[in-house]
Amino acid sequence: MSTVGKALSLLESLSLLNKDAGLTDIARLSELDKATTRRLLVELEKHGFVEQDQESRKYRIGSAPVRLARIREARYPFLRTAIPFVKELAEASQETVHLSEFTGGRLATIHVEDSTRAHRVIVEIGSYLPFHATASGLAYLAFSDAHRIDAALSNPLESFTEHTVTDASEVRKMLAETVERGFSICKQGLESGVVSTAAPIRTPSGQPVGTIAIAAPLVRANINTLNSLGASVAEAAKRISEKYYGS
């Protein structure tokens, strides 16, 4: 891996932590030796990508990524465009609704509207969504080109629960069903007791750039409920696409 790749991998590892971390922990998470980790942290700190607390000597994400994110959002206001539709869908469904965007070859959660119900699904902002084991992943992959589908299903598929579909041929059937319906359904693929439905947000040419999804506890979502939520999520995805790209 190149030096740049190591630095970005280290930054990625640091972003997954919910508290400041010391050199030893960061080196372990990044699978780098301490000397390399220290050198990369020094360079990242110079450019504002990480910060070191002067008392604890521990590190956290710096302000530079925030600045870059704001610049990107100002020029390509995907998040600002989509959030009102996410909020509207969360209020109507009374379930957790989350928005994802395809970046760096993966699907990442970029916004979440939590359900107001006591029994609800928790989705973490920044979490990556496996293509084969989530409704978001299935929705994105179903409307992608054959090359991307083949790439996503070419390696062994990880099992997250006893319900995760890890047979590539079965996943392809799920993708075909998703295209036919216009939205995906995933039952306990990533987490037991959770079901979800999602639809792709697409460019005018049809290429998906992200997804919008509803996640609900299994006890509240029978097949009729899922189909109803799926139709709502597909309509929301269509409206986001039209608002962002124009009719």
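The values are calculated or read from the model by the stated rules, or taken from the named source; none is laboratory data. These numbers were taken from a predicted model, which means no experiment stands behind them. No Cβ is skipped: glycine too gets one built from the backbone with ideal geometry, and neighbour counts run over all protein chains shown. To get the accessible areas, we keep the full protein, side chains included, count just its heavy atoms, and leave off ligands, DNA and RNA. Shrake-Rupley method; radii C 1.70, N 1.55, O 1.52, S 1.80 Å.
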For the chain, what's the radius of gyration and Dmax over Cα atoms, in angstrom?
-> 19.4, 57
Regarding segment 3-66, what are the three Cα extents along the principal axes, ordered largest first, in Å?
-> 23, 21, 19
Show me 108-120, 129-141, 151-163 ranked by packing, highest mean number of other Cβ atoms within 10 Å first.
-> 129-141, 108-120, 151-163
Total lysine pairs under 24 Å (Cα atoms) in the chain, excluding pairs fewer than 8 apart on one chain = 16
With -39,500 (n - 2.57) per DSSP H segment of 4 or more residues and division by the full residue count of the chain, the 222 nm estimate, nearest 500 deg cm²/dmol, is -14500 deg cm²/dmol
Evaluated at 25 °C and 0.890 mPa s, the Stokes-Einstein D of segment 182-235 based on the Kirkwood radius over Cα pairs, in µm²/s, stands at 214
Tally up the carbon and sulfur contribution to the accessible surface of the chain as a whole percent, 1.4 Å probe, everything protein left in place.
-> 51
Pop out the Kirkwood hydrodynamic radius of segment 1-121 from its pairwise C-alpha distances, inverse of mean 1/r, in Å to one decimal.
-> 16.6
Full extension between His147 and Asp114 adds, at 0.36 nm per residue less the Cα distance, a length in nm of 8.4 nm
With a probe of 1.4 Å, find how much accessible area segment 3-66 has per residue, and write the answer as a whole number in Å².
-> 62
Local net charge near Gln94, Cβ-Cβ under 15 Å (Lys/Arg +1, Asp/Glu -1) | -1
